[in-house]
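Asker: Here it is: the structure, laid out below.
No lab work stands behind these numbers, since they all come straight from the coordinates. Since the structure is predicted, the reported quantities are computational estimates derived from the model, not experimental observations. Positions of Cβ are backbone-derived with ideal geometry, glycine not excepted, and every protein chain shown enters the neighbour counts.
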Amino acid sequence: MKSTAIAFAAAIVVVLLGSNAVANETRSLSDFLSDCSKNSRVCHGNLHDYLLAAKTQGFVCLPEDLPIDRAVSQELDWLRQQSSDDAALYKGNAEDAQWTAITTLWPCKKE
C-alpha cells in the first residue's frame, strides 16, 4: 500500500508539472477557485489530470458511464458547494480539497 501511495504521489507531481499548474503546497482552495473563475480551461485541465491520475492508480472508482469531463464538472461543483459551507475547506490546501472531493464522490467499494 505504501508503494502505491508513493507511486500515486509521483504521478501527481508529474501531472502537475506537465499541466501548466503551479505545484504549490500552500495554495488554498479559495485561491484555486478564484483562478478557476479567471481561467476555466487551466482549472479543468488541472482537475482532469489529478482525477485521471487518481483513477489510473485505483484510488477512485468512476462509474463506467461517467465521462471524465463530466466528472471534472461534478468535482468542481462539489468543491464550490462544500467550500461555501465549510470555511476550513475553503481556506485549506487546494490539493487536500481535491483529494477529499474525489474520494467522497467516487470511493472504491471495499470488498
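Asker: For the stretch 55-111, what class follows from the C-alpha gyration tensor (a ≥ b ≥ c being the square roots of its eigenvalues): rounded when a/c is under 1.5, otherwise prolate if a/b is larger than b/c, else oblate? Please list the in-between numbers first.
Answerer: Details: a/c = 2.36, a/b = 1.65, b/c = 1.43.
It comes out prolate by the Cα gyration axes.
Asker: If you add up the charges near GLN82, with Lys and Arg at +1 and Asp and Glu at -1, over every other residue whose beta carbon is less than 14 angstrom from its beta carbon, what do you get? Let's see the in-between values first.
Answerer: On the way: positive: ARG80, LYS91; negative: GLU75, ASP77, ASP85, ASP86, ASP96.
The answer is -3.
Asker: Can you list the residues of the stretch 37-67 with backbone N under 20 Å from a point 7 Å past the Cα of THR103, pointing along Cα to Cβ?
Answerer: 47-63
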